[in-house]
Each structure stands twice: as C-alpha cells, then as structure tokens.
Amino acid sequence: MKSVLHRMLFCGLAVSMTWIAAAAEKTYTLAVIPKGTTHEFWKTIHAGAVKAQRELAEKGVTVELIWKGPLREDDRDQQIQVVETFMTRRVDGIVLAPLDSQALVTPVVNATKAGVPVVVFDSDLKSDKQVSFVATDNYKGGVLAAEHLAKLLGEKGKVILLRLAVGSASTEAREAGFLDTLKTKYPGIKIISSDQHGGATRETAYQASQNLLNRFGREVNGIFCPNESTAIGMTKALRDIGRAGGKVKMIGFDSGTQSVLDLKNGDLQGLVVQNPMLMGYLGVMTMVKHLQGQPVEKRVDTGVVLVTSENLAETKIKELLRPPVEQYLN
Ligand code: BDR
C-alpha cells in the first residue's frame, strides 16, 4: 500500500514540477494597446507593463510585449485596425484600453472568438467578453473632484465641466460622478456649462476652454476637467484671462508634468490622480495569470486619490506624481 502511495505522490509531484517547468518555458506574446500615445499618462502605463514583463522574466516566464496604439485618442479606425492585426497574428493575449466603449466591442468579441483573450484596462467596454477590467474607479474620481470643489466654493457658486470626448467611458464616468454629486448634494452650486468636449489633444482642449471662458470667464467660480489634456488646456486659458492662481477654483485629473507644476504654483486647487504604473503592471500580470490557467478577478481597482497642497509632500503621493518611468522606458 505504502509503495503505491509513494508512487502516486511522486507522480503528482512530477506532474506539478512538469507543469511549472512547462509554464516557465512558455513565451507569451502580448499586445498592449493604449487609447493613444500622446499623453504622459500612456507612457506611465507602458512603464508599468514593462515592469511586469521584467518581474515575470525573473520567474522564468518570458513575455514578448508589443506596445502599439493610435497617436490620438480619437482615432477609432486606427485602434480597431490594431486590434484586428493582433487578432490575425494570433498573439497570446491583448491588453486593451478601448478609446470608444462601443466601437471596440466587435473587435474584442471577434478576438475572443478567435481564441485571443482580451484584458480591458483604463476605460470600460460595453461587453462582458473581456477576461478582466483593470482600471480606476472613475466615478469615484469624479465624486472626489465634486466634493473638494464644493468645499472650496463654500457650497455655492457657478461651475463649468469641460468633458473629454464622447465614447471615452473612463472620463464619462468621472463626469457623471462629478455632476451627480453636485446635483444631489450641493443645491447652492449652479452648473453653467457641462456639454462641451475638449477633444484628444491639449490644443483642442485649449481652444474649447477659450471658447467657454469667452462666454463665462467673468462669472465662473469653479471648473472641473476630467483628464490630463483638458486640465492643462483649461488652466492655460484661465491664465490668459488673468483668472488662474485660485481666482477660479480649478480641479484637474491625472499627473501630467504641467498639471503637477500648476498644482504647486497655485493654478490648480486639486488634482485627482490615478495609478497608471500599477494599471499597466496589473494589466499584463492579469493576462499572464489567465494564460497560465489561474483564476483572475473580473474587476481590478487600481486606486484613485485627490492631491492638494496639503498632501502633496507625502511620500506615497510623491511616488504617484513622479513614477519611475525612465527606469523602464529607456
Ligand atoms: C486619459 O484618458 C483616460 O482614459 C485615462 O484614464 C486618462 O485619464 C488620458 O488622456
């Protein structure tokens, strides 16, 4: 009896060692596809993905990382084409930030049907075919912005929301969190504009901001912008009319270099910050776990925090504002 048990244990050990060895020898080819490649935010995502690649390599798991996305976050055709290219190439997995929550559904469904699993990160998709969704709680990010702006305004005044783009689920959730909070909790705050979009670049955001301030620049008391490019464009436009420096209370999003400077110089009174390094890292790690047959969470929350002059100097906040991107992107 004992020898049979020994043989069974030995076989079991041998099988598991073989499995681990096989898993270790496997090379995974992953396509990581951001919404765009212009903003600093995406460079930090890329650095996080490389960090995961290096850690996996140390464990004997080789990942070939292909980083490819549209230049601009509004180039739907380009992003769809990139997804379809990697589906045709039958990469082992696609890690995708869909720039349009509807337009990318069919390409993701088709990739999944072709046996190429998809992890969605950063911005949600109107589908349940993805393996996992790794992102900020963006609605909460909008709530944080509204609560802080209301406090700064003494719960009364006129407010503008400059949106990013139609179809951008991440920023639409922030915009909804912001507006819902003001409408339900702060009746003394009047939203004088919430239907304009800044578009995919700082330049388009700056133009949209100038147009808004031409109309409301003298009466507005507070403004929220839901991403890097809209925050930078609006803050520049406020400086142009001499109403930066806290004259208009301005809340931005994302830790772009310019926005961090604007927070330090007093042109921004709050900055809602994500953790793109962790998002890129967990996007890759989640896909590899899935490919290795391990269970993965359907929703992975990578965190969001409000940064102000009060907590700017805290170690954890400094790490979020200045992630070690150059350590991974040489
Ligand atoms: C922005 O778009 C969003 O999807 C990202 O989270 C980031 O805030 C980049 O411009």
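The values are calculated or read from the model by the stated rules, or taken from the named source; none is laboratory data. As the structure is a prediction and not an experimental result, all values here were calculated from the model. Here Cβ is always computed from backbone atoms with ideal geometry, including for glycine, and neighbour counts include all displayed protein chains. For the accessible areas, the whole protein counts, side chains as well, though only heavy atoms, and no ligand, DNA or RNA atoms are used. Shrake-Rupley method; radii C 1.70, N 1.55, O 1.52, S 1.80 Å.
Here are the numbers:
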{"quantity": "Probe 1.4 Å, accessible area per residue of the chain, Å²", "calculated": "45 Å²"}
{"quantity": "Cα gyration tensor shape of region 138-273, rounded if a/c is under 1.5, else prolate or oblate by comparing a/b with b/c", "calculated": "rounded"}
{"quantity": "Anchor Lys158: lysines whose Cα lies under 29 Å away (excluding residues fewer than 8 positions away in-chain)", "calculated": "Lys140, Lys183, Lys185, Lys190, Lys236, Lys247, Lys249, Lys264"}
{"quantity": "Residue-count net charge about Thr112 - beta-carbon cut-off 12 Å; Lys, Arg +1, Asp, Glu -1", "calculated": "+1"}
{"quantity": "Counting DSSP beta bridges with both ends in the chain, the antiparallel % (nearest 5)", "calculated": "10 percent"}
{"quantity": "Accessible surface of the chain [probe 1.4 Å, protein heavy atoms]: carbon and sulfur percent", "calculated": "55 percent"}
{"quantity": "Three-way shape call for region 21-80 based on the alpha-carbon gyration tensor, with the a/c threshold at 1.5", "calculated": "oblate"}
{"quantity": "Ala114/Lys140 FRET efficiency (R0 22 Å; Cβ-Cβ; nearest 0.05)", "calculated": "0.05"}
{"quantity": "Cα gyration tensor shape for region 191-330, rounded if a/c is under 1.5, else prolate or oblate", "calculated": "prolate"}
{"quantity": "FRET efficiency, Lys59 to Asn214 (Cβ-Cβ, R0 45 Å, nearest 0.05)", "calculated": "0.20"}
{"quantity": "Radius 11 Å from Cβ of Val288, net charge of other residues (Lys, Arg +1; Asp, Glu -1)", "calculated": "+1"}
{"quantity": "Convex hull of Cα atoms in the chain, direction-averaged projection (nm²)", "calculated": "19.8 nm²"}
{"quantity": "Net charge of neighbours whose Cβ lies under 13 Å from the Cβ of Phe133, counting Lys and Arg as +1 and Asp and Glu as -1", "calculated": "-2"}
{"quantity": "R0 of 30 Å, Cβ-Cβ distance Val166-Leu261: FRET efficiency to nearest 0.05", "calculated": "0.50"}
{"quantity": "Computed helical MRE - 222 nm, the chain, DSSP H runs ≥ 4 contributing -39500 (n - 2.57), nearest 500", "calculated": "-15500 deg cm²/dmol"}
